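**Student:** Sharing a structure here in structure tokens format.
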Amino acid sequence: MLVLNRKSKKEIPVKIVAPGTRMKPPAFDANESAGYLSLRPLRLTHLRRYGLAVLSVGIALGVGLLLEHFHFRVPSALLLLFAVALSSWRGGRGPAVLAAILSIIAFYWYFVEPVRTIYIYPSEIPYFITFISFAALLSWFGAIRRRVEADLREQAALLNLTHDTVFVMDLEGVIKYWNRGAEEQYGWTAEQALGRGVHDLLKTVFPEPLEEIKAKLTRTGRWEGEILHTKRDGTQVVVASRWALQRGEQGAPVAILETSNDITERKRAEEELRAAESRFRTFVDHATDAFFLIGDHGRVLDVNRQACESLGYTREELIGITTREFDANADDVFLQWIGNRLDTGVDCTFETHHRRKDGTLFPVEVRAHPFWRGGRRLSLSLARDITERKRAEEALRESETRFRTFVDHVADAFFMLDFEQGTIIDVNRCACESLGYTREELIGMTPMDFDVDLDRATVESTAERAAAGETVLFDRHWHRRKDGTLFPVEAQTSVFWHGGRRFLLKVATDISDRWRAEQQRDRLRQLEADLAHINRVSLMGELAASVAHEVNQPLSGVVSNASAGLRWLAGDVPNLEEAREGLRRIVRDGKRAGQVIARIRALTKKAATPTEKLDLNETIGEVLALIGDEAKRKSVIIRTHFADDLSPVSGDRVQLQQVVLNLAMNAIEAMSVIDERARELAIGTRNIDPGQVQVTVQDSGTGIDPQTIDRIFDSFYTTKPGGMGMGLSICRSILQAHGGRIWATANDGRGTIFHFTLPKYHEEGSDAEVAGI
Amino acid sequence: MPKSRESDAVIAVVDDDLSAREGLSSLIRSAGLQVEVFASAQEFLARPGAEATSCLVLDLQLPGLSGLDLQKRMAEVGLEIPIVFLTGHGNIPASVQAMKAGAVEFLTKPFDEQELLQAIQEAIERDRRTRQQHEEMRELRDRYESLTARERQVMQQVVSGLLNKQIAAELNITEFTVKIHRGHVMRKMRADSVADLVRTAENLGIRSLKRSNH
């Protein structure tokens with residue numbers, strides 16, 4: 001039976017080498033071994049074996065005596081002979097001899113007359129010999145039997161060693177034997193399986209009808225095939241099964257031996273391989289690259305679909321032709337070169353043109369990979385259509401050229417710097433032209449080489465700030481040309497990434513023009529400031545008499561009070577109280593004179609005064625104090641209409657006083673020829689919306705010709721014989737610088753009203769930035 | 001002589017400048033004089049009983065009505081108060097005008113205290129004299145008022161230098177009657193002599209009255 005199982009024969013050849021050799025019996029106990037071929041293993045000890053002999057003889061003796069007692073005449077010798085046979089069969093040769101001896105003794109003792117003696121009559125010798133012979137014969141049979149059983153047991157154990165499932169069924173499919181392999185494979189133990197219909201138990205699915213299998217089996221004695229079994233746990237396994245028919249002595253079939261091994265894994269592996277192959281083919285066929293399997297002499301062995309489609313041939317047309325027929329650049333030299341390289345096992349990558357069947361060409365990039373099969377060098381060539389790439393490259397080149405042109409024509413200088421080194425990697429044309437270096441000279445330099453305002457620390461901090469995302473601006477740096485001359489630039493530096501690397505882009509704009517304009521503006525501003533100063537000084541000149549009076553008044557008071565004080569003290573009874581009062585007034589008047597002088601000094605000072613928070617009422621009041629005497633002498637009455645809740649403004653005290661002074665002096669002068677009505681100078685302040693303060697200076701003078709009222713603020717426009725024509729122009733400049741404006745209106749036919757406005761003071765930074773006038 | 005004592009004199013100060021006002025006030029008071037201060041001409045004019053003032057210390061530059069204006073206005077209303085002018089700066093035309101109009105003094109600030117007090121004294125004196133003359137005139141006028149019409153006629157003829165006989169012929173009365181009237185005139189007019197009477201008549205402007213008749 002084992003011979004049928006080729007596989008197990010292969011797998012465990014060593015263990016089966018010497019049949020009949022005493023092997024260690026398989027380790028399983030008697031309970032599990034109730035199989036068709038399993039024989040009760042005898043593992044009796046000598047004691048048990050000999051005990052069995054004694055016992056069986058004893059039992060036979062007992063039975064014989066009992067029967068005799070009831071007067072049944074039975075041949076007791078037969079019973080004893082049976083005991084010998086049993087001992088021989090079960091116990092072996094030794095117990096058999098023992099049983100024979102005991103049987104003879106017992107027989108003579110109990111049954112042969114005279115009983116209770118052992119005496120062998122010569123006439124009884126033949127019986128005796130017969131018995132001995134018979135016992136010996138039985139023992140011999142028993143021994144043979146034992147040996148056969150042992151062999152069978154070992155063989156059955158070997159069946160259990162195989163991993164294959166081995167089971168035997170009768171013709172109806174009832175399981176007669178079930179090896180360990182089957183137990184493990186199907187999950188059913190031998191006990192559970194024996195006696196059950198195998199096809200029922202395993203829900204066998206046959207590749208062909210069972211009848212045909214049986215027919216074939218009957219005809220040939222064998223059947224092989226893959227069948228599907230279901231395990232106890234419900235999983236299905238595919239097994240390769242071999243059936244062998246066992247025939248009885250007469251040649252009639254008695255049982256079927258079924259040997260199977262699990263090929264589920266193998267089937268799955270085969271499936272996977274097939275799937276992988278299919279996938280691979282699909283993959284290759286769907287690849288966007290054309291695959292060419294090239295054999296000797298550049299002959300095409302196989303292609304994928306893309307190869308066919310790209311070239312316009314069918315697969316059949318392509319197979320067998322050489323690469324020369326579609327590679328436009330394939331000449332002998334080239335092919336030789338490629339062949340040599342591939343022979344050394346190196347991949348080759350090259351660009352060439354493929355020719356379609358219709359003769360058109362297209363650029364391809366080919367990668368050839370050599371490999372060896374059966375001693376032949378083959379190569380797999382992957383050809384990629386690079387028409388698009390070529391076009392894109394072309395477009396990129398064009399775009400780059402365009403961009404380069406663009407960058408070169410920009411009026412700003414571009415410097416591309418290496419982030420770490422700070423060296424120049426590239427520049428545009430403007431950078432070269434502005435600095436007077438060639439591009440080659442500039443590349444490798446650092447901005448510190450020509451930017452005189454840069455030092456190492458600034459460069460580093462700039463790079464840091466740029467790296468943080470900031471665009472770092474230098475509003476005026478000086479660049480030095482190759483010839484040593486300097487020019488101002490506004491430079492901004494920012495970081496950008498390209499190809500995973502960091503760069504700094506520095507864009508420098510030549511601001512020479514702007515700088516010159518600023519210089520001129522500064523000069524002009526200085527000129528205006530000078531002019532304004534001249535205006536103030538000249539106003540002071542006009543006011544000299546008035547100012548002298550304003551100082552003289554308190555001085556006069558001082559002298560009077562001091563004189564009076566002396567007199568108060570000189571009396572027989574000094575009047576201390578009066579003297580003290582006088583002294584207080586002297587102090588007050590002295591201060592007052594000092595203040596007047598301070599104001600004059602402030603007004604005539606040339607230096608610019610700071611912008612501050614001003615109470616316009618007070619500011620104007622100080623001016624009025626200076627012109628009071630002038631007004632008196634010109635018989636002008638000054639009236640003020642100051643708003644008590646006037647908002648403060650932000651401004652330059654001296655400049656705003658200069659405005660009021662100019663307007664007031666103009667007004668006084670305008671009224672100097674008026675006699676028929678009161679000469680009145682009215683100055684008012686008030687809040688107006690939105691957020692402004694308005695000042696009006698109104699006179700009852702001659703008024704301004706409505707036709708020239710628009711020109712009065714122009715420079716050098718004057719109606720006065722000795723006038724410079726600067727006063728009102730300066731007033732306008734001052735107010736514009738303060739964020740205010742000035743205009744004039746007629747005062748109801750009798751005089752003029754000048755108005756000016758100023759923005760209210762804002763806590764948040766005096767936003768009316770006063771330019772230096 | 002009610003105004004003879006200095007302490008009775010009231011000095012008015014008109015100056016728009018506080019320092020000047022207070023200094024002047026203290027100085028004048030220290031000289032034992034009474035002071036009244038005014039910030040403007042109008043304020044001074046509005047004061048009731050301005051004629052009681054003995055001296056006006058007046059700033060030349062005043063807002064509105066100036067010092068000279070005030071002087072003019074006072075002359076117009078017959079307010080004869082001696083004026084001491086003060087000015088912040090020497091103004092010759094103004095000072096000439098002021099002096100012509102009868103100012104006592106024209107001082108430039110800051111002035112010397114002595115000069116000012118002297119000027120004030122002079123003004124007070126002048127005021128006193130003026131007031132005296134006014135008193136005498138009023139007495140003369142009272143006397144003249146007490147004459148009868150005939151006596152005034154006779155007086156006029158007498159101071160014209162006519163003889164009694166000529167007067168009698170002129171008035172068509174007897175010489176004796178003329179003598180009686182003449183005696184009354186001399187007594188009522190408290191004239192000691194014809195020359196005395198002539199001077200009195202002159203003060204009263206009688207002769208000029210007769211001359212105008214010519």
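Read the figures in this text as sums done on the coordinates, not as results from a lab. Just so we're clear, the structure is a prediction, and the values are computed from it rather than from any experiment. Cβ coordinates were reconstructed from backbone atoms using ideal geometry, including for glycine residues, and neighbour counts include every protein chain displayed.
**Student:** Helix B:194-204 versus the longest principal axis of chain B: what is the Cα-based angle in degrees, 0 to 90, to the nearest 10?
**Tutor:** Tilt relative to chain B: about 50 degrees.
**Student:** Right, here's the next one. Report the calculated FRET efficiency for A:Arg341 and A:Arg299 (r = Cβ-Cβ distance, R0 = 25 Å), to the nearest 0.05.
**Tutor:** About 0.85, to the nearest 0.05.
**Student:** To continue, here is another question. Which helices, taking whole DSSP H runs in chain A, have alpha carbons extending 24 angstrom or more along the helix axis plus mean Kyte-Doolittle at least 0.0?
**Tutor:** Membrane-span-like by this rule: A:46-69, A:125-161, A:544-570, A:616-633, A:653-670.
**Student:** Also: Arrange A:Tyr186, A:Tyr437 by Cβ neighbour counts within 10 Å, fewest through most, would you?
**Tutor:** The most exposed by this proxy come first: A:Tyr437, A:Tyr186.
**Student:** Let me ask something additional. Just to confirm the filter: which trypsin sites (Lys or Arg not before Pro) across segment A:69-175 are DSSP coil and have at most 11 other Cβ within 10 angstrom of their Cβ?
**Tutor:** A:Arg73, A:Arg116
**Student:** Okay, next question. Most exposed first by the Cβ proxy, i.e. fewest other Cβ within 10 Å, how do B:Ile180, A:Ile742 rank?
**Tutor:** B:Ile180, A:Ile742
**Student:** Whole-Hz Karplus ³J(HN,Hα) for segment B:128-136, in order, using 6.51 cos²θ - 1.76 cosθ + 1.60 and θ = phi - 60°, x for Gly and Pro?
**Tutor:** Ordered by residue, 3J(HN,Hα) equals 4, 4, 4, 4, 5, 4, 4, 5, 4 Hz.
**Student:** Assuming R0 = 25 Å, can you tell me the calculated FRET efficiency for the pair B:Glu145 and B:Asp196, based on Cβ-Cβ distance, to the nearest 0.05?
**Tutor:** 0.85
**Student:** Once you've got the GNM for chain B with C-alpha springs shorter than 10 Å, pick whichever of B:Val159, B:Val84, B:Val13 has the biggest mean-square fluctuation.
**Tutor:** Answer for the Gaussian network model of chain B: B:Val159.
**Student:** Specify which residue in the list A:Ala328, A:Gly295, B:Gln133 is farthest towards the positive end of the charge dipole of the protein assembly as shown, using unit charges on the beta carbon of Lys, Arg (+1) and Asp, Glu (-1), about the Cα centre.
**Tutor:** A:Gly295
**Student:** How charged is the neighbourhood of A:Gln657? Take every other residue with its Cβ under 11 Å from the Cβ of A:Gln657, and add Lys/Arg as +1 and Asp/Glu as -1.
**Tutor:** That works out to 0.
**Student:** Measuring from label point to label point, each 7 Å out along Cα→Cβ, what is the A:Glu224 to A:Lys605 span in nm?
**Tutor:** 12.3 nm
**Student:** Along each principal axis of its Cα atoms, how long is segment A:379-491 end to end? Whole angstroms, biggest number first, please.
**Tutor:** 62, 30, 25
**Student:** Also, I was wondering about something else. If you wrap chain B's Cα atoms in a convex hull and average its projection over all directions, what's the area in nm²?
**Tutor:** Projected area, direction-averaged: 14.8 nm².
**Student:** On to the next question. One-quarter of the Cα convex hull surface for segment A:543-606, in nm²?
**Tutor:** Average of the hull's projected areas for segment A:543-606 equals 4.2 nm².
**Student:** Can you compute the charge dipole magnitude of segment A:543-606 about its Cα centre, using +1 on each Lys and Arg Cβ and -1 on each Asp and Glu Cβ, nothing else charged? Give it in debye, rounded to the nearest 20.
**Tutor:** 580 debye
**Student:** Something else: In terms of the Cα gyration tensor, with a ≥ b ≥ c the square roots of its eigenvalues, is segment A:163-268 rounded because a/c is under 1.5, prolate because a/b exceeds b/c, or oblate?
**Tutor:** It is oblate, given that a/c is not under 1.5 and a/b is not larger than b/c.
**Student:** Given N residues in the protein assembly as shown, what is Rg(Cα) / (2.2 N^0.38 Å)?
**Tutor:** 2.55
**Student:** Shifting gears a bit: Check each of the trypsin sites (Lys or Arg not before Pro) in segment A:648-700 and keep only those in coil by DSSP with at most 11 other C-beta atoms within 10 angstrom; list them in order.
**Tutor:** Here the sparse-neighbourhood loop sites are A:Arg677.
**Student:** Something else: Give me the one-decimal nm value for the distance between modelled label points at A:Glu577 and A:Ala287, 7 Å along each residue's Cα-to-Cβ direction.
**Tutor:** 12.6 nm
**Student:** Quick one: angle between helix B:175-188 and the longest Cα principal axis of chain B, in degrees between 0 and 90, rounded to 10, please.
**Tutor:** It works out to around 20 degrees.
**Student:** Further question: Starting from the Cα gyration tensor of segment B:147-213, take the square roots of the eigenvalues, sort them a ≥ b ≥ c, and report rounded, prolate or oblate (rounded when a/c is under 1.5, otherwise prolate if a/b is larger than b/c, else oblate).
**Tutor:** oblate
**Student:** Just tell me which aspartates and glutamates come within less than 13 Å, Cα to Cα, of A:Lys216; anything on the same chain fewer than 8 places away is out.
**Tutor:** Filter leaves A:Glu208, A:Glu224.
**Student:** Right, here's the next one. Tell me the mean residue ellipticity at 222 nm calculated for the protein assembly as shown from its helices only (DSSP H runs of n ≥ 4, each -39500 (n - 2.57), averaged over every residue, nearest 500).
**Tutor:** -15500 deg cm²/dmol
**Student:** Right, here's the next one. If a/c stays under 1.5 just call it rounded; otherwise compare a/b with b/c (prolate if a/b is bigger, oblate if not). Do that for segment B:6-133, with a ≥ b ≥ c from the square roots of the Cα gyration tensor eigenvalues.
**Tutor:** rounded
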